[in-house]
Amino acid sequence: MNTEEPLVSIIIPTFNRAHLIGETLDSVLAQTYQNWECIIVDDGSTDNTAEVVGNYLETDARFQYHHRPQDRPKGANACRNFGFEISNGEYVLFLDSDDLLVETCINKRINIFLESPNLDFIISDTGQFKDGKFSNQSINKDPLIKNCKEYALLFFNYTIPWPIMSVFWRKSILKDYRFDESLHRLQDVDFHIQILSFNEFNFKRVYEIDSYYRYSADEKKEGNEYDIKLIKSFLLFIDKNANILKEDKEIRIAFKRFLYVISRDFIFYNPYSNQESVRTFFEKISKNNLLDFKDILLFRIMHIYKITNLYNKKGFGVLRFRKYANDYFNRSYNLKNG
């Protein structure tokens, strides 16, 4: 190992991923760049994650295994924050415990930083890993104008520009930012909005796949508990960003589509959401002065569809309304994207 090479901290939260985390850690171990520390923070796993990770601890001292402190709330956000706080690297990579790195990932990202020492972060392409197959198409999205605010607008309208492992951070720029530990969902969306909305950092966009997001059917099976947490997190997210949403017209326009996509996919047309959560959601978006009359009318119709159990019907009128609402809210986000 060349001790002059900067140390990279790879931070991995995990929960009951004993069947997958080994592949993730193998991809870390295979890195051609050698000066890294891998900080694994367990969120209270009840499977044999400790045993699996223990094998890596015995093999390589660069791996660390920690448990989320008891005074921190359960969730990946607290694990990421704790891992960040104990990290020693000059650069940081947040990696989920089921995803994969190409063996040259860190080496190429570090070289870009060394070639351009004024950079604050790098955005690389991420592909999808599904059913044992690697896709050669990136899942990243870009605005037409590539600056911090335009990427923040994508997050605000829930057109996620990148998954969390696509970004390679200079640690010093994150000193004033943390993942919101009160959010159970929308975690990295909120984190990236915090950073991008009020700053114009120097970054480089790299159009090469060097990491893979694992698509897992488990995500689609979390059911009622998943959706209750998402709705609660979404309401917290609205409160947290109320001021900037009211003050910035572009962000407010983008956020209208966010409201629609979340309501359509997770609330109004979701069999797990209940009438109380739908009512709370509708009251929140109606009272925050972010929507005009037509927006509120469309949400009211969606609300009626939900409480009258029409959301799962396939009739012509329902499908026609859904198409109209979808087209309307997509047009409302009138900022041009690439």
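The values are calculated or read from the model by the stated rules, or taken from the named source; none is laboratory data. This is a predicted model, so every value here is computed, not measured. Every residue, glycine among them, receives a Cβ derived from its backbone with ideal geometry; neighbour counts consider all protein chains shown. The area values use the complete protein model at the heavy-atom level, side chains included, leaving out ligands, DNA and RNA. Shrake-Rupley method; radii C 1.70, N 1.55, O 1.52, S 1.80 Å.
Annotations
- The conditions of being out of contact with any strand residue (DSSP E or B) (no Cβ under 9 Å at 6 or more places or on another chain) and closer than 22 Å to ARG257 by Cβ are not met by LEU154.
- For the stretch 193-213, a tally of residues being assigned to a strand (DSSP E or B) and either free of Cβ contacts under 8 Å to residues at least 24 places away in the same chain or not small (Gly, Ala, Ser) (or both) returns 10.
- Residues satisfying the stated conditions in the stretch 99-137, i.e. open to solvent by 10 Å² or more (accessible area, probe 1.4 Å), over 24 Å from PHE201 (Cα atoms) and either part of a loop (DSSP other than H, G, I, E, B) or touching a helix residue (DSSP H, G or I) at 6+ places or on another chain (Cβ under 8 Å) (or both): LEU100, LEU101, VAL102, GLU103, THR104, ASP131, GLY132
Residue-wise test of (1) open to solvent by less than 30 Å² (accessible area, probe 1.4 Å); (2) outside any helix (DSSP H, G or I); (3) at pLDDT 95 or above.
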site: PRO6; (1), (2), (3): yes, yes, yes
site: SER9; (1), (2), (3): yes, yes, yes
site: LEU25; (1), (2), (3): yes, no, yes
site: ASN55; (1), (2), (3): no, no, yes
site: ALA61; (1), (2), (3): no, yes, yes
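- Any hit, the stretch 27-50, residues being touching a strand residue (DSSP E or B) at 6+ places or on another chain (Cβ under 9 Å) and on the phi > 0 side of the Ramachandran plot: yes
- Annotation: of all residues in the stretch 69-96 being over 18 Å from TYR33 (Cα atoms), of a type in the set (D, E, K, R) and touching a residue at least 40 places away in the same chain (Cβ under 8 Å), the one that is least open to solvent (accessible area, probe 1.4 Å) is ARG80.
- Some residue of the stretch 33-44 being part of a loop (DSSP other than H, G, I, E, B), at pLDDT 95 or above, open to solvent by 70 Å² or more (accessible area, probe 1.4 Å) and farther than 19 Å from ILE86 by Cα: yes
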